[in-house]
Amino acid sequence: MGKSNSSRDWTQIYAIYGMDQWQTLLFLLCHAVLFSLLSIIFVFYFDSIFHFFQTLFPSPSAARFAAGFSGAVTSISSVCLFFAAANFMYSAGPLHYEMAQRMVGSVYDWSSVKLALDIGCGRGILLNSVATQLKKTGSSGRVVGLDRSKRTTLSTLRTANVEGVGEYVTCKEGDVRSLPFEDNYFDVVVSAVFVHTVGKEYGHRTVEAAAERMRVVGEMVRVLKPGGVGVVWDLLHVPEYVRRLQELKMEDIRVSERVTAFMVSSHMVSFRKPSQHVVGPGEVRLDWRC
């Protein structure tokens, strides 16, 4: 998978696209500040806290250890929460944009792309990256962004206009588990940090949730033209997708190196739909050049 050298100032990314799940970021920051304040209290009022622990532990050494241990845990917790908040903010903006460029770069010939699909387009970072690439190549192609929320698709269209690629973008509301498109319809199908959210009502690690995610992968393959390319960047469950793609006899399956996003493991996987039916499992290549 090719790595794009393009970069962008993170303030521009947030100015245009904002942030999904800002409540999570606010939750992390509030708790980080709370634990920081508790750490400061432990520093300035350690003797008082020590005397309190003496009422719980008969041994002075045990009480001092308990007070010190509690202060250390509080301080470490505040650092971890600040780190988690920073990683969440980075993942939602700059990293998402960087991975979108990598995904675009993993499709080697955009000049022949007439129709592309972004499943779970969200704020439109990947969608607009694809549209920008179509614009650069002088293509007459278009990219369709599919999302479960009509409100999201309207917001995404606005970001496309801000990026100057509105004429290349169409947004549609629909169910990703039953894509509202014909078989063999798109030249390229992409999705970024979305598939893992499908079936979450069953719990992420349940058989039912895994089955729902596999339905999405199957739908991606169904709407992809023979010879077309699919690229997915997602959290945690990429090995499941690889196994499903092998079962569906996809070709040129490539898995990127591990990337930490939203405090968990993520990978990018690309594949090509064969021009004709093939027999036997597909080969999986680990591509560490991303």
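The values are calculated or read from the model by the stated rules, or taken from the named source; none is laboratory data. Because the structure is predicted, anything quoted here is derived from the model rather than measured. As a convention, Cβ positions derive from the backbone with ideal geometry for all residues, glycine included, and neighbour counts pool all protein chains shown. Heavy atoms of the whole protein, side chains included, go into the accessibility calculation; ligands, DNA and RNA do not. Shrake-Rupley method; radii C 1.70, N 1.55, O 1.52, S 1.80 Å.
The table for this structure:
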read-out: Positions within segment 263-278 being crowded, with 19+ Cβ neighbours inside 10 Å and in contact (Cβ under 8 Å) with a residue 60 or more places away in the chain, in sequence order; value: SER266, MET268, SER270
read-out: Test: residue in segment 100-110 that is open to solvent by 60 Å² or more (accessible area, probe 1.4 Å), free of Cβ contacts under 8 Å to residues at least 12 places away in the same chain and assigned by the TED database to the domain that holds THR137; value: yes
read-out: Condition met for VAL229 (outside any helix (DSSP H, G or I) and open to solvent by less than 50 Å² (accessible area, probe 1.4 Å)); value: yes
read-out: Residue count, segment 12-68 (criterion: over 30 Å from TYR97 (Cβ atoms), assigned to a helix (DSSP H, G or I) and not hydroxyl-bearing (Ser, Thr, Tyr)); value: 25
read-out: Residue match in segment 157-175 (condition: touching an Asp or Glu at 6+ places or on another chain (Cβ under 6 Å), under 23 Å from VAL107 (Cβ atoms), open to solvent by less than 50 Å² (accessible area, probe 1.4 Å) and assigned to a loop (DSSP other than H, G, I, E, B)); value: no
read-out: Residues of segment 239-275 classified as assigned to a strand (DSSP E or B) and aliphatic (A, V, I, L, M), total; value: 7
read-out: Selection count where residues are in contact (Cβ under 8 Å) with a residue 12 or more places away in the chain, open to solvent by 30 Å² or more (accessible area, probe 1.4 Å) and of a type outside the set (A, V, I, L, M), scope segment 198-218; value: 2
read-out: Filter pass, VAL144 being aliphatic (A, V, I, L, M), at pLDDT below 95 and either surrounded by fewer than 20 Cβ atoms within 10 Å (Cβ to Cβ) or touching a helix residue (DSSP H, G or I) at 6+ places or on another chain (Cβ under 9 Å) (or both); value: no
read-out: Within segment 182-197, tally of residues that are open to solvent by less than 30 Å² (accessible area, probe 1.4 Å) and part of a loop (DSSP other than H, G, I, E, B); value: 2
